[in-house]
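The structure appears right after this line, and notes come after that.
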């Protein structure tokens, strides 16, 4: 009888350990799958917010100079929310998306996902959160942002773009690599991006496109695309085509509705093509 008890104890212990080992082999995969799904959803929400930010910059009276300058931009970086003291590398900062123009075909690719850290908030506004858009005006500026860990003002030239009623685009330093624009509490300007560091968000790029990709795959080679980005790509295309004119944004569904209806799966066959734009001067 004693031997039988010991036998079943041994078998029971073996069974428990087998279950534990099996669980450890299964659950990590489940956890990883959930993490990737969460990253994909976060990336989609960021892209939707970036579109809303660009819409605002393209319609505000104070950003006439921005609308004139974006025509010649080779790349556009949009950070919908930069927070003072946010938990990112370097202190204050947030996440952003980057889109790049093919100067041969005048088409746009992206977005690639990044984190912007070490942002200095200006005392003249003192806001806790800001929206930031910067324009890569040179090839050097475009290429610098394809790398992770680039320091603005050190690794690449950066200057604040002209803003405000009556601001003239001709006053901008057109030889600089990147021009920056910001908005906080409805006011434009007030954030210095010199010294800020831009990091690639590999996890979000992978989750959004379904493959391990780097920014050059997304923005230069254009080996991947996602239909969810069509709205943002179309808006950037309209903005750079219309220039100084206000962008008239058509009535669209909410970002949440678009996110539910759009297909999050990867479109690997060809880069997304933006729709034709009818420009009425």
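Some points to look at:
- Placing R0 at 22 angstrom, the Cβ-Cβ distance between residue 38 and residue 230 gives a FRET efficiency of 0.45 after rounding to 0.05.
- Estimated from the Cβ-Cβ distance and a Förster radius of 35 angstrom, the FRET efficiency linking residue 223 and residue 151 is about 0.80.
Every read-out reported here was derived from the displayed coordinates using simple, explicitly stated rules and does not represent laboratory data. These figures come from a predicted structure and were not determined experimentally. FYI the Cβ positions are ideal-geometry reconstructions off the backbone, even for glycines, and counts take in every protein chain you see.
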